[in-house]
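Some notes on the structure that comes next.
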Amino acid sequence: MKTILAVDGSDNSYEAVHALKYFARAEQLTLLHALNVPRPAFPMVLPEVAEDLYKTVEQNMREDGERLLDRVQSLLPLHAGPTTKHLQIGSPTEVIVSMAEEQKADLIVMGARGLGPIKERLLGSVSHRILTLAPCATLIVNGPVKAMKQILLPLEGPSDAEAAIRFLQLKPFHDAIEVSLLTVLPSTQPPGPADAAASTAAAEILEEQTEYIDGVAERLRAIGYKAHGVALLGTPSTMILQEAATLRSDLILMGTRGRQGITRFVLGSVSHAVLHKMPCPVLAFHQ
């Protein structure tokens, strides 16, 4: 795989570096740091003076960025793969997405800094924007990564399953993993005890979903993974988080749709709802 490790010097950024030990050797590993250099906000300052201030700030940030990339490179696992370092000026989101497109990356790895849920939904954090705009899978690391053995894979439908299988066929993990598949049938409260038909229909659909998830698990076993599945009733984001806690999952691997722009951040999605409360890292792949 071609992997981009985007770092900003935060604690979770270093945890993202550590997470690479659980992934297979990269065909190409790019260490990337974006310099979002602020322009002087002093209207009374002469343009020449403002430009000198900007260049001084840029030079200091560039030197700090080069030291950061050197340190990150020294912390990489031995099997990380051939590595290059890139320091670029610009918005972190734009720099990371552009690099991923240019290199035809398979995976972006980065730490989550963590904004409050209201601010994050309205403005979007860098990790959420990357999740939305990136042309490839994105691993968001929210804290210490202690293992990568138990993987929870929630599936919404056939396109989700096909995308997950395509990603797992890349053999992205360094060691053997166990995949727990989950599909959630949204539950509705029957209007009254006499409405047995609704309960019967729900049971039939749940049985169909169980057969579907078992079929996907069989396909994963055929390509070398330990896999089993379950179908549940409930609210998708709630059940995903509950199952991750019950299984003590090391990673949630899930699909995200390609809705663009501010609408996504205001309205959210199951993947974004999970990100706000994720008990472990989330690796999102595009359907």
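The values are calculated or read from the model by the stated rules, or taken from the named source; none is laboratory data. Small disclaimer: the values here were computed from a predicted structure and weren't measured. Please note: Cβ atoms are built from the backbone with ideal geometry, for glycine as well, and neighbour counts cover all protein chains shown. The area values use the complete protein model at the heavy-atom level, side chains included, leaving out ligands, DNA and RNA. Shrake-Rupley method; radii C 1.70, N 1.55, O 1.52, S 1.80 Å.
Of note:
- Enumeration of residues in the stretch 1-28 that are in a loop (DSSP other than H, G, I, E, B) and open to solvent by 50 Å² or more (accessible area, probe 1.4 Å): Asp8, Arg25, Glu27
- Only listed residue being of a type in the set (A, V, I, L, M, F, W, C), in contact with a Gly (Cβ under 7 Å, 6 or more places away or on another chain) and open to solvent by less than 10 Å² (accessible area, probe 1.4 Å), chosen from Leu131, Leu153, Leu181, Leu139: Leu181
- The stretch 128-144, residues that are under 18 Å from Met1 (Cβ atoms) and part of a loop (DSSP other than H, G, I, E, B): Ala134, Pro135, Cys136
- Residue check, Ala164 modelled with pLDDT under 75, among the small types (Gly, Ala, Ser) and not in a strand (DSSP E or B): no
- The residues of the stretch 99-111 that are surrounded by fewer than 23 Cβ atoms within 10 Å (Cβ to Cβ), under 17 Å from the mean Cα position of the chain (by Cα) and either at pLDDT below 85 or in a helix (DSSP H, G or I) (or both), listed by number, are Met99, Glu101.
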